[in-house]
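First the structure, in the form of structure tokens, and then the observations on it.
The values are calculated or read from the model by the stated rules, or taken from the named source; none is laboratory data. Worth saying up front: this structure is predicted, and the values here are computed from it rather than measured. Glycine gets a Cβ as well: all are built from the backbone with ideal geometry, and neighbour counts include every protein chain shown. Note: accessible area is taken over every heavy atom of the protein model, side chains too, but ligands, DNA and RNA are not part of it. Shrake-Rupley method; radii C 1.70, N 1.55, O 1.52, S 1.80 Å.
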Amino acid sequence: MKSKSTAVLFAIILGGLGIHHFYLGDTKKGLCYLIPWVLFCWTLAIPIILWIIETIEGISLACKSQEEFDMKYNKGYHRTSSMPSTNYAPNYTNQVPKEPQKSKTDQLFELKKLYDAGILTEEEFNVQKTKILNS
């Protein structure tokens with residue numbers, strides 16, 4: 001579970017290095033900030049520019065609501081209450097994203113693959129096909 005306040009601190013304090021991107025799981029973006037900083041740190045201009053950009057990004061992270069932050073960076077978790085429970089443990093519910101409903105055509109293709117692979121008998125295939133077509 002990634003902490004919003006930790007991400008904001010990383011962005012503001014170590015922003016030019018892109019450390020908060022690594023913390024938030026975006027390694028490619030982190031490397032896009034770390035490599036130029038390492039290669040051009042002697043110029044001072046590049047690190048200062050990167051730090052300014054990342055400070056703005058840190059402020060942007062700080063302005064996000066906790067729910068927005070959780071939905072983007074803590075996928076599958078949603079805070080059910082902004083107040084901690086009586087045992088002072090965070091109150092999170094695990095929300096499994098619903099899979100989109102497959103079309104009848106996709107379901108029939110998958111069913112045909114199972115039949116062709118010999119996993120389903122012809123009778124089982126016909127029963128399942130009828131269920132799909134009548135749903």
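Couple of notes before you dig in:
- Per residue solvent-accessible surface (Å²) - segment 20-75, probe of 1.4 Å: 64 Å²
- Rounded percent of accessible protein surface that carbon and sulfur make up, segment 6-68, 1.4 Å probe: 79 percent
- Restricting segment 1-43 to trypsin sites (Lys or Arg not before Pro) in coil, as DSSP defines it, with at most 16 other Cβ within 10 Å: Lys2
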